[in-house]
Each structure stands twice: as C-alpha cells, then as structure tokens.
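Structure record follows, encoded as structure tokens.
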Amino acid sequence: MKKIILASQSPRRKQLLEWAEIPFDVRVVETDESFPIALSVEEAAIHIARQKALAVKQSHSGSELILAADTIVVLNARIIGKPKNRAQAIEYLQSLSGQKHKVITGVCLLSSVNEKVFSDTTEVEFHNLTDEQVIYYVDQYKPFDKAGAYAIQEWIGVIGIKAVHGDFYNVMGLPVSRVVKELIKMDEVKDIIH
C-alpha cells in the first residue's frame, strides 16, 4: 500500500496520523531550525517545515509524498521555543500562566510534482498556574522537546487550560483535518485517504 513519509520524530504527530488512519513511514534528517529574521511567525513555521521536507527529499530517492511540520508558540509577539533546561521550562510556563498565546503550525506537503505549504493558528488561554503546579509538571513530565514547554494533552493541559480557540490538534503538533483536506486535493495520494 502506498504511504506518505512523515518527516518528524514527534510521537504526537505519529499518533495523530494513526488516528486519521493515514498510512505513513517516518524518515527524519537533522535540519537547521533557524529562519530569516524578516519572516512573520507564520512564515517562520512554514519555512522550518519546508526545510525539513526538503532535507528528507534530498536524502531519499523515492516518489512518495513528504509531510513535514513545525510548531511555534507565540506570546505577545515573542516566540517561545523548546526549553533548554528545567529553569527555562519553568520560566516559559510561568510566562504563559493566566495569558492567551498563539500556537502556529507550519506544514509542507512535498512530492515530485506538487508542493503545498500552509499554517494553522490556534489561540490557547491558560488559567493562572501556581508555582507548585508549574514545578510539578516540569519535574514529572520533562517537557524539554516541546515548544512552549508544554503538551496540551498532558496533565498541565487538563488542569491548566481555560480555553482553546481553533484546532485542538494543531496545538498537539498537526492540524490534521486541514492536512487531510489538502492531501485529498493531491492526486497522487487521494487513494490512501478515507
């Protein structure tokens, strides 16, 4: 059966594609996640996703369609990336406490004949978090591989999130319904999508 190539090691993105019953294989190439400073946050997420897709395409001679994504958390126009350590994770979550922020996922669908890029934005609002809650989450869940230092589907999301405006799954790392719509439009993979 034909499959797409997921250019991501993210367990959340794998899970979302499995839930959508999209057949895929994972292939990842280390890529630089920097971006030109002049880009908007939406363009930055798309740029990084496209770089991931191109890196996989250059290392792989097959004709499969490649799906790459990158998720960025933005608070008051400041990008909050993956925390480098425990102290930074605590600082990030304390800054998100009681605030609204944006989660932007850039997506690149790349094949030998097509390229489609887009971004999806979800607004997330946290309740006020206590220092004890933040420290407990960081120490128990170690969110060092997550933009914004949190995963919405983990404990902190269950107890800490007040509102979500937009695609919940986008916050997990992939706007799956939009991805499925775009895949259906692409002739070479529409036969593997329900």
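Structure notes:
- Counting the residues of the range 85-96 that are free of Cβ contacts under 8 Å to residues at least 40 places away in the same chain and of a type in the set (Gly, Ala, Ser) gives 2.
Each row is one residue, and each column tells you yes or no for (1) at positive phi; (2) touching an Asp or Glu at 6+ places or on another chain (Cβ under 8 Å); (3) among the hydrophobic types (A, V, I, L, M, F, W, C).
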| site | (1), (2), (3) |
| --- | --- |
| Leu17 | no, no, yes |
| Ala20 | no, no, yes |
| Lys57 | no, no, no |
| Ala77 | yes, no, yes |
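- For the range 13-38, filtering for residues that are within 24 Å of Tyr150 (Cβ to Cβ) and either surrounded by fewer than 19 Cβ atoms within 10 Å (Cβ to Cβ) or free of Cβ contacts under 8 Å to residues at least 24 places away in the same chain (or both) leaves 11.
- Listed by first and then second residue, the pairs with beta-carbon distance under 7 Å, at least 6 apart or on different chains, first residue in the range 103-123 and over 13 Å from Ala68 (Cβ atoms), second surrounded by fewer than 19 Cβ atoms within 10 Å (Cβ to Cβ) and small (Gly, Ala, Ser), are Ser112/Ser63; Thr121/Gly166; Thr122/Gly166; Glu123/Gly166.
- Condition check for Gln51: over 17 Å from Ile104 (Cα atoms), in a helix (DSSP H, G or I) and of a type in the set (S, T, N, Q): no
- Complete set of residues in the range 50-68 that are in contact with a Cys (Cβ under 8 Å, 6 or more places away or on another chain) and closer than 9 Å to Ala7 by Cα: Lys52, Ala53, Ile66, Leu67, Ala68
- Taking the conditions (1) out of contact with any Cys (no Cβ under 9 Å at 6 or more places or on another chain); (2) over 25 Å from His127 (Cβ atoms); (3) of a type outside the set (Gly, Ala, Ser) in turn, Asn76 satisfies each one other than (2).
- Residue satisfying all of: in the range 110-127; touching a helix residue (DSSP H, G or I) at 6+ places or on another chain (Cβ under 9 Å) and over 30 Å from Leu54 (Cα atoms); surrounded by the most Cβ atoms within 10 Å (Cβ to Cβ) among these: Val124
- Filtered residues of the range 98-117 (kept if in contact with a Ser or Thr (Cβ under 8 Å, 6 or more places away or on another chain) and within 16 Å of Gln58 (Cβ to Cβ)): Ser111, Ser112
- Against the conditions (1) crowded, with 21+ Cβ neighbours inside 10 Å; (2) in contact with a strand residue (DSSP E or B) (Cβ under 9 Å, 6 or more places away or on another chain), Gly81 satisfies every one except (1).
- Boolean, Ile72 is under 19 Å from Ile156 (Cα atoms), touching a helix residue (DSSP H, G or I) at 6+ places or on another chain (Cβ under 8 Å) and crowded, with 16+ Cβ neighbours inside 10 Å: yes
- Filter pass, Leu54 being modelled with pLDDT under 95 and surrounded by 23 or more Cβ atoms within 10 Å (Cβ to Cβ): no
The values are calculated or read from the model by the stated rules, or taken from the named source; none is laboratory data. As the structure is a computational prediction, the values presented were derived from the model and not from experiment. For neighbour counting, all protein chains shown are included, and Cβ atoms are generated from backbone atoms with ideal geometry for every residue, glycine included.
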